[in-house]
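Quick notes on the structure that follows.
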Ligand code: BGC
(Lines give C-alpha, C1' and ligand atoms only; values in the text may rest on other atoms or scores of the structure.)
Protein backbone atom coordinates (compact mmCIF):
# COMPACT_ATOMS: atom_id res chain seq x y z
CA UNK A 1 0.00 0.00 0.00
CA UNK A 2 2.80 2.33 0.90
CA UNK A 3 5.05 3.17 -1.97
CA UNK A 4 8.66 2.91 -1.07
CA UNK A 5 9.86 5.74 -3.25
CA UNK A 6 8.63 8.39 -0.79
CA UNK A 7 10.83 10.67 1.26
CA UNK A 8 13.16 8.77 3.56
CA UNK A 9 12.17 10.50 6.77
CA UNK A 10 8.53 9.57 6.23
CA UNK A 11 9.54 5.98 5.73
CA UNK A 12 11.66 6.05 8.83
CA UNK A 13 8.82 7.48 10.90
CA UNK A 14 6.37 4.91 9.59
CA UNK A 15 8.80 2.06 10.13
CA UNK A 16 10.12 3.09 13.51
CA UNK A 17 6.88 4.38 14.96
CA UNK A 18 6.65 7.65 16.81
CA UNK A 19 9.85 9.64 16.54
CA UNK A 20 10.94 12.37 18.88
CA UNK A 21 8.15 14.39 17.35
CA UNK A 22 5.10 14.46 19.50
CA UNK A 23 1.76 13.62 17.94
CA UNK A 24 -0.93 16.23 18.51
CA UNK A 25 -2.37 14.45 21.47
CA UNK A 26 0.96 14.53 23.16
CA UNK A 27 2.17 17.87 21.95
CA UNK A 28 -0.76 19.70 23.43
CA UNK A 29 0.20 18.27 26.78
CA UNK A 30 -3.07 16.51 27.32
CA UNK A 31 -1.70 13.00 27.28
CA UNK A 32 1.94 12.82 28.35
CA UNK A 33 2.66 11.37 31.77
CA UNK A 34 4.18 14.71 32.80
CA UNK A 35 1.11 16.62 31.65
CA UNK A 36 -1.17 14.15 33.36
CA UNK A 37 0.69 14.94 36.53
CA UNK A 38 0.50 18.69 36.03
CA UNK A 39 -3.04 18.90 34.72
CA UNK A 40 -5.10 16.23 36.43
CA UNK A 41 -8.27 17.91 35.19
CA UNK A 42 -7.66 16.90 31.56
CA UNK A 43 -10.49 14.54 30.61
CA UNK A 44 -9.55 10.92 29.88
CA UNK A 45 -12.77 10.19 28.08
CA UNK A 46 -15.11 12.22 25.89
CA UNK A 47 -18.21 11.63 23.82
CA UNK A 48 -17.47 11.57 20.08
CA UNK A 49 -20.33 12.29 17.69
CA UNK A 50 -20.17 11.89 13.93
CA UNK A 51 -22.96 13.48 11.89
CA UNK A 52 -22.99 12.01 8.39
CA UNK A 53 -25.39 12.13 5.48
CA UNK A 54 -26.86 8.71 6.25
CA UNK A 55 -26.15 8.10 9.92
CA UNK A 56 -25.53 9.92 13.19
CA UNK A 57 -23.12 7.90 15.33
CA UNK A 58 -21.72 8.36 18.80
CA UNK A 59 -19.68 6.59 21.45
CA UNK A 60 -17.53 7.36 24.44
CA UNK A 61 -13.85 7.58 23.45
CA UNK A 62 -10.86 6.69 25.59
CA UNK A 63 -8.59 9.65 24.85
CA UNK A 64 -5.47 7.84 25.97
CA UNK A 65 -5.80 4.90 23.60
CA UNK A 66 -8.23 6.02 20.89
CA UNK A 67 -10.41 2.99 21.65
CA UNK A 68 -14.15 3.18 22.10
CA UNK A 69 -15.16 2.94 25.74
CA UNK A 70 -18.86 2.30 25.06
CA UNK A 71 -20.92 0.65 22.35
CA UNK A 72 -21.14 2.70 19.17
CA UNK A 73 -24.73 3.81 18.71
CA UNK A 74 -26.23 4.86 15.40
CA UNK A 75 -29.47 6.42 14.26
CA UNK A 76 -30.41 7.21 10.66
CA UNK A 77 -29.87 10.85 9.84
CA UNK A 78 -33.30 12.50 9.96
CA UNK A 79 -34.62 14.07 6.78
CA UNK A 80 -34.54 16.96 6.31
CA UNK A 81 -31.32 17.02 8.33
CA UNK A 82 -31.91 20.44 9.86
CA UNK A 83 -29.95 21.53 12.95
CA UNK A 84 -33.07 21.09 15.11
CA UNK A 85 -33.80 17.52 13.98
CA UNK A 86 -30.16 16.43 14.09
CA UNK A 87 -29.62 17.97 17.53
CA UNK A 88 -32.63 16.01 18.79
CA UNK A 89 -31.26 12.77 17.35
CA UNK A 90 -27.85 13.43 18.90
CA UNK A 91 -29.62 14.17 22.18
CA UNK A 92 -31.45 10.84 22.01
CA UNK A 93 -28.24 8.91 21.40
CA UNK A 94 -26.38 10.63 24.21
CA UNK A 95 -29.37 10.15 26.55
CA UNK A 96 -29.04 6.44 25.84
CA UNK A 97 -25.30 6.43 26.56
CA UNK A 98 -26.05 8.25 29.83
CA UNK A 99 -28.87 5.84 30.73
CA UNK A 100 -26.54 2.90 30.12
CA UNK A 101 -24.00 4.36 32.53
CA UNK A 102 -21.24 5.12 30.03
CA UNK A 103 -21.15 8.87 30.56
CA UNK A 104 -19.96 10.76 33.61
CA UNK A 105 -21.40 14.17 34.50
CA UNK A 106 -19.57 16.97 32.72
CA UNK A 107 -17.91 14.61 30.24
CA UNK A 108 -17.23 16.83 27.22
CA UNK A 109 -18.55 16.02 23.77
CA UNK A 110 -17.29 16.75 20.27
CA UNK A 111 -19.36 16.67 17.11
CA UNK A 112 -17.96 16.35 13.60
CA UNK A 113 -19.97 17.90 10.77
CA UNK A 114 -19.33 18.33 7.05
CA UNK A 115 -18.60 22.02 6.69
CA UNK A 116 -16.25 24.83 7.62
CA UNK A 117 -16.47 25.36 11.38
CA UNK A 118 -15.86 28.78 12.87
CA UNK A 119 -16.98 30.08 16.25
CA UNK A 120 -19.22 27.08 16.85
CA UNK A 121 -21.14 27.40 13.59
CA UNK A 122 -20.95 25.95 10.11
CA UNK A 123 -20.12 28.52 7.47
CA UNK A 124 -20.62 26.12 4.55
CA UNK A 125 -22.90 23.14 3.95
CA UNK A 126 -22.13 21.38 0.67
CA UNK A 127 -23.56 17.98 1.64
CA UNK A 128 -25.89 18.79 4.50
CA UNK A 129 -29.05 20.88 4.85
CA UNK A 130 -28.31 24.53 4.06
CA UNK A 131 -30.09 25.65 7.25
CA UNK A 132 -26.92 24.68 9.14
CA UNK A 133 -25.15 27.71 7.75
CA UNK A 134 -24.73 30.15 10.61
CA UNK A 135 -27.08 28.27 12.97
CA UNK A 136 -25.64 28.37 16.54
CA UNK A 137 -24.97 24.64 16.32
CA UNK A 138 -22.45 24.36 19.13
CA UNK A 139 -24.71 26.30 21.49
CA UNK A 140 -27.74 24.20 20.49
CA UNK A 141 -25.86 20.96 21.15
CA UNK A 142 -24.44 22.28 24.42
CA UNK A 143 -27.95 23.21 25.57
CA UNK A 144 -29.48 19.88 24.54
CA UNK A 145 -26.70 17.69 25.94
CA UNK A 146 -26.16 19.74 29.08
CA UNK A 147 -22.38 19.50 28.74
CA UNK A 148 -19.66 21.36 26.85
CA UNK A 149 -19.74 20.50 23.15
CA UNK A 150 -17.13 21.39 20.53
CA UNK A 151 -17.99 21.45 16.86
CA UNK A 152 -15.30 20.27 14.44
CA UNK A 153 -15.11 19.64 10.71
CA UNK A 154 -15.62 15.92 10.01
CA UNK A 155 -12.41 15.52 7.99
CA UNK A 156 -10.42 17.41 10.62
CA UNK A 157 -11.86 14.97 13.18
CA UNK A 158 -10.74 12.01 11.06
CA UNK A 159 -7.32 13.64 10.74
CA UNK A 160 -7.02 14.14 14.51
CA UNK A 161 -7.66 10.43 15.03
CA UNK A 162 -5.02 9.48 12.44
CA UNK A 163 -2.48 12.01 13.73
CA UNK A 164 -2.92 11.00 17.35
CA UNK A 165 -3.27 7.24 17.08
CA UNK A 166 -3.24 6.17 13.43
CA UNK A 167 -1.41 6.47 10.12
CA UNK A 168 -0.03 9.97 10.78
CA UNK A 169 1.10 9.34 14.34
CA UNK A 170 4.60 10.70 14.83
CA UNK A 171 5.00 11.55 11.13
CA UNK A 172 6.97 14.78 10.73
CA UNK A 173 6.50 17.31 7.95
CA UNK A 174 3.31 17.92 6.01
CA UNK A 175 0.63 15.25 6.11
CA UNK A 176 -2.47 15.51 3.98
CA UNK A 177 -5.53 13.39 4.75
CA UNK A 178 -8.28 13.19 2.13
CA UNK A 179 -11.59 11.56 3.02
CA UNK A 180 -13.37 10.28 -0.05
CA UNK A 181 -17.08 9.60 0.23
CA UNK A 182 -20.16 11.68 -0.60
CA UNK A 183 -17.84 14.66 -0.75
CA UNK A 184 -14.09 15.06 -0.36
CA UNK A 185 -12.88 16.28 3.01
CA UNK A 186 -9.34 17.31 3.90
CA UNK A 187 -7.14 17.70 6.95
CA UNK A 188 -3.65 19.16 6.78
CA UNK A 189 -1.02 18.62 9.48
CA UNK A 190 2.34 20.29 9.82
CA UNK A 191 4.62 18.45 12.26
CA UNK A 192 1.53 17.01 13.90
CA UNK A 193 -0.37 20.29 14.18
CA UNK A 194 -3.68 20.67 12.41
CA UNK A 195 -4.32 23.56 10.04
CA UNK A 196 -8.07 23.47 10.53
CA UNK A 197 -10.88 23.85 8.01
CA UNK A 198 -8.99 23.29 4.79
CA UNK A 199 -11.59 22.50 2.13
CA UNK A 200 -9.59 20.82 -0.61
CA UNK A 201 -12.67 19.03 -1.91
CA UNK A 202 -13.72 22.35 -3.33
CA UNK A 203 -10.61 23.35 -5.27
CA UNK A 204 -11.22 23.79 -8.98
CA UNK A 205 -10.38 20.68 -10.97
CA UNK A 206 -11.14 20.58 -14.71
CA UNK A 207 -13.15 23.76 -14.26
CA UNK A 208 -15.40 22.21 -11.61
CA UNK A 209 -15.66 21.87 -7.86
CA UNK A 210 -13.34 18.84 -7.45
CA UNK A 211 -15.68 16.74 -5.30
CA UNK A 212 -18.39 16.91 -7.97
CA UNK A 213 -16.02 14.96 -10.28
CA UNK A 214 -13.83 12.73 -8.11
CA UNK A 215 -15.62 11.99 -4.81
CA UNK A 216 -16.94 8.47 -4.27
CA UNK A 217 -20.50 9.61 -4.93
CA UNK A 218 -19.36 11.39 -8.12
CA UNK A 219 -17.68 8.22 -9.38
CA UNK A 220 -20.92 6.31 -8.95
CA UNK A 221 -23.04 9.09 -10.42
CA UNK A 222 -20.73 9.31 -13.45
CA UNK A 223 -20.59 5.52 -13.71
CA UNK A 224 -16.85 5.50 -14.28
CA UNK A 225 -14.59 2.57 -13.44
CA UNK A 226 -11.72 2.56 -10.95
CA UNK A 227 -9.12 3.04 -13.68
CA UNK A 228 -10.58 6.29 -15.03
CA UNK A 229 -11.43 7.49 -11.54
CA UNK A 230 -7.92 6.63 -10.26
CA UNK A 231 -6.30 8.59 -13.07
CA UNK A 232 -8.49 11.61 -12.48
CA UNK A 233 -8.01 11.41 -8.74
CA UNK A 234 -4.24 11.38 -9.34
CA UNK A 235 -4.54 14.56 -11.42
CA UNK A 236 -6.49 16.11 -8.59
CA UNK A 237 -3.86 15.04 -6.03
CA UNK A 238 -1.17 16.47 -8.32
CA UNK A 239 -2.86 19.87 -8.06
CA UNK A 240 -2.73 19.68 -4.26
CA UNK A 241 0.85 18.44 -4.35
CA UNK A 242 1.92 21.41 -6.47
CA UNK A 243 0.62 23.76 -3.78
CA UNK A 244 1.30 21.98 -0.51
CA UNK A 245 4.03 19.38 -1.18
CA UNK A 246 2.81 16.88 1.41
CA UNK A 247 5.31 14.32 2.71
CA UNK A 248 2.57 11.76 3.21
CA UNK A 249 -0.95 11.41 1.82
CA UNK A 250 -3.53 9.42 3.76
CA UNK A 251 -6.73 8.32 2.06
CA UNK A 252 -9.78 7.82 4.28
CA UNK A 253 -13.55 7.70 3.94
CA UNK A 254 -15.68 4.98 2.36
CA UNK A 255 -13.66 4.81 -0.87
CA UNK A 256 -10.43 4.04 1.00
CA UNK A 257 -11.89 0.61 1.83
CA UNK A 258 -11.75 -0.19 -1.90
CA UNK A 259 -8.07 0.78 -2.13
CA UNK A 260 -7.00 -2.55 -3.63
CA UNK A 261 -9.22 -1.86 -6.65
CA UNK A 262 -7.55 1.40 -7.64
CA UNK A 263 -4.18 1.71 -5.89
CA UNK A 264 -2.34 0.71 -9.09
CA UNK A 265 -3.89 3.62 -10.96
CA UNK A 266 -2.76 6.24 -8.46
CA UNK A 267 0.35 8.32 -8.92
CA UNK A 268 1.75 10.89 -6.54
CA UNK A 269 5.05 12.30 -5.41
CA UNK A 270 4.32 11.60 -1.75
CA UNK A 271 3.76 8.08 -0.48
CA UNK A 272 0.12 7.13 -0.06
CA UNK A 273 -1.31 5.05 2.78
CA UNK A 274 -4.88 4.33 3.78
CA UNK A 275 -6.33 5.55 7.04
CA UNK A 276 -6.03 3.16 9.97
CA UNK A 277 -9.39 4.12 11.41
CA UNK A 278 -12.09 3.14 8.97
CA UNK A 279 -15.40 3.32 10.81
CA UNK A 280 -14.58 5.20 13.95
CA UNK A 281 -12.22 8.02 12.92
CA UNK A 282 -15.01 10.63 13.02
CA UNK A 283 -16.08 9.58 16.52
CA UNK A 284 -12.56 9.26 17.92
CA UNK A 285 -11.46 12.57 16.38
CA UNK A 286 -14.54 14.40 17.63
CA UNK A 287 -13.80 13.07 21.12
CA UNK A 288 -10.23 14.34 20.85
CA UNK A 289 -11.47 17.74 19.66
CA UNK A 290 -13.84 17.88 22.65
CA UNK A 291 -10.82 17.69 24.92
CA UNK A 292 -8.91 20.21 22.81
CA UNK A 293 -6.39 17.56 21.72
CA UNK A 294 -4.64 18.53 18.51
CA UNK A 295 -6.60 21.75 18.14
CA UNK A 296 -4.46 24.87 18.36
CA UNK A 297 -5.18 27.04 21.38
CA UNK A 298 -5.70 29.97 19.01
CA UNK A 299 -8.50 28.11 17.25
CA UNK A 300 -10.18 27.27 20.53
CA UNK A 301 -10.00 30.89 21.66
CA UNK A 302 -11.35 32.10 18.33
CA UNK A 303 -14.17 29.61 18.26
CA UNK A 304 -15.17 30.33 21.81
CA UNK A 305 -15.56 34.01 21.07
CA UNK A 306 -19.25 34.81 20.71
CA UNK A 307 -20.16 34.96 17.03
CA UNK A 308 -22.70 37.31 15.50
CA UNK A 309 -26.06 36.71 17.07
CA UNK A 310 -24.77 33.85 19.25
CA UNK A 311 -27.01 33.03 22.13
CA UNK A 312 -27.65 29.62 23.53
CA UNK A 313 -30.79 28.48 21.86
CA UNK A 314 -32.30 26.61 24.73
CA UNK A 315 -34.37 23.59 24.20
CA UNK A 316 -38.06 24.43 24.28
CA UNK A 317 -39.05 23.85 27.88
CA UNK A 318 -41.85 26.17 28.93
CA UNK A 319 -43.85 25.67 25.77
CA UNK A 320 -46.06 22.61 26.28
CA UNK A 321 -46.57 21.79 22.60
CA UNK A 322 -42.85 21.97 21.94
CA UNK A 323 -42.15 19.77 24.95
CA UNK A 324 -44.63 17.18 23.66
CA UNK A 325 -43.02 17.33 20.22
CA UNK A 326 -39.58 16.90 21.78
CA UNK A 327 -40.78 13.91 23.84
CA UNK A 328 -42.28 12.29 20.73
CA UNK A 329 -39.04 12.88 18.82
CA UNK A 330 -37.00 11.43 21.68
CA UNK A 331 -39.19 8.29 21.70
CA UNK A 332 -38.71 7.98 17.94
CA UNK A 333 -34.93 8.29 18.28
CA UNK A 334 -34.85 5.70 21.05
CA UNK A 335 -36.91 3.31 18.91
CA UNK A 336 -34.56 3.60 15.93
CA UNK A 337 -31.32 3.27 17.88
CA UNK A 338 -28.93 0.62 16.63
CA UNK A 339 -25.94 -0.69 18.57
CA UNK A 340 -23.30 -0.90 15.87
CA UNK A 341 -20.59 -2.57 17.86
CA UNK A 342 -19.20 -3.06 21.30
CA UNK A 343 -16.17 -1.35 22.77
CA UNK A 344 -12.93 -2.22 21.01
CA UNK A 345 -11.21 -3.27 24.21
C1 LIG B 1 -17.43 19.60 2.90
C2 LIG B 1 -16.32 19.37 3.89
C3 LIG B 1 -16.38 17.94 4.40
C4 LIG B 1 -16.38 16.97 3.24
C5 LIG B 1 -16.53 15.54 3.70
C6 LIG B 1 -17.34 18.58 1.80
O7 LIG B 1 -18.37 18.77 0.90
O8 LIG B 1 -17.34 20.89 2.35
O9 LIG B 1 -16.44 20.27 4.97
O10 LIG B 1 -15.28 17.72 5.22
O11 LIG B 1 -17.44 17.26 2.35
O12 LIG B 1 -17.71 15.32 4.38
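The values are calculated or read from the model by the stated rules, or taken from the named source; none is laboratory data. In this text the structure is predicted, and so the values were computed from the model without any measurement. Quick reminder, even Gly has a Cβ in these numbers, built from the backbone with ideal geometry, and neighbours come from all protein chains shown.
For residue 115, only one of the following conditions fails: (1) in contact (Cβ under 8 Å) with a residue 60 or more places away in the chain; (2) surrounded by 21 or more Cβ atoms within 10 Å (Cβ to Cβ); (3) not assigned by TED's automatic domain parsing to the domain that holds residue 232. What is its number?
Failed condition: (1).
Out of all the residues in the range 105-122, which are assigned to a strand (DSSP E or B) and either more than 17 Å from the chain's Cα centre (by Cα) or away from the ligand (no atom under 16 Å from the Cβ) (or both)?
109
Could you list all residues from the range 142-189 that are in a helix (DSSP H, G or I) and out of contact with any helix residue (DSSP H, G or I) (no Cβ under 6 Å at 6 or more places or on another chain)?
Scanning the range 142-189 gives 142, 143, 155, 156, 159, 162, 165.
Step by step: first the residues of the range 127-167, then only those that are in contact (Cβ under 8 Å) with a residue 40 or more places away in the chain, within 15 Å of the ligand (Cβ to nearest atom) and out of contact with any strand residue (DSSP E or B) (no Cβ under 8 Å at 6 or more places or on another chain), then the one that is nearest to residue 284 (Cα to Cα). Which residue is that?
Filtering first and then ranking leaves 161.
Counting residues that are touching a strand residue (DSSP E or B) at 6+ places or on another chain (Cβ under 6 Å) and within 14 Å of residue 287 (Cα to Cα), which strands (runs of 3 or more DSSP E) fully inside the range 41-104 reach at least 2?
Those strands (runs of 3 or more DSSP E) span 45-51, 55-62.
Condition check ((1) more than 13 Å from the ligand (Cβ to nearest atom); (2) buried (at least 24 other Cβ atoms within 10 Å of the Cβ); (3) free of Cβ contacts under 8 Å to residues at least 40 places away in the same chain) across all residues:
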position	(1), (2), (3)
58	yes, yes, no
64	yes, no, yes
77	no, no, yes
85	yes, no, no
89	yes, yes, no
95	yes, no, no
124	no, no, no
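Restricting the search to the range 168-185, which residues are within 14 Å of the ligand (Cβ to nearest atom) and touching a strand residue (DSSP E or B) at 6+ places or on another chain (Cβ under 7 Å)?
Within the range 168-185, the first condition is being within 14 Å of the ligand (Cβ to nearest atom), and the residues that meet it are 176-185.
Of everything in the range 168-185, those that are within 14 Å of the ligand (Cβ to nearest atom) and touching a strand residue (DSSP E or B) at 6+ places or on another chain (Cβ under 7 Å) turn out to be 176, 177, 178, 179, 180, 184, 185.
Check off (1) assigned by TED's automatic domain parsing to the domain that holds residue 181; (2) crowded, with 20+ Cβ neighbours inside 10 Å; (3) in contact with a helix residue (DSSP H, G or I) (Cβ under 6 Å, 6 or more places away or on another chain) for residue 198 and give me the number that stays unchecked.
That leaves (3) as the condition not met.
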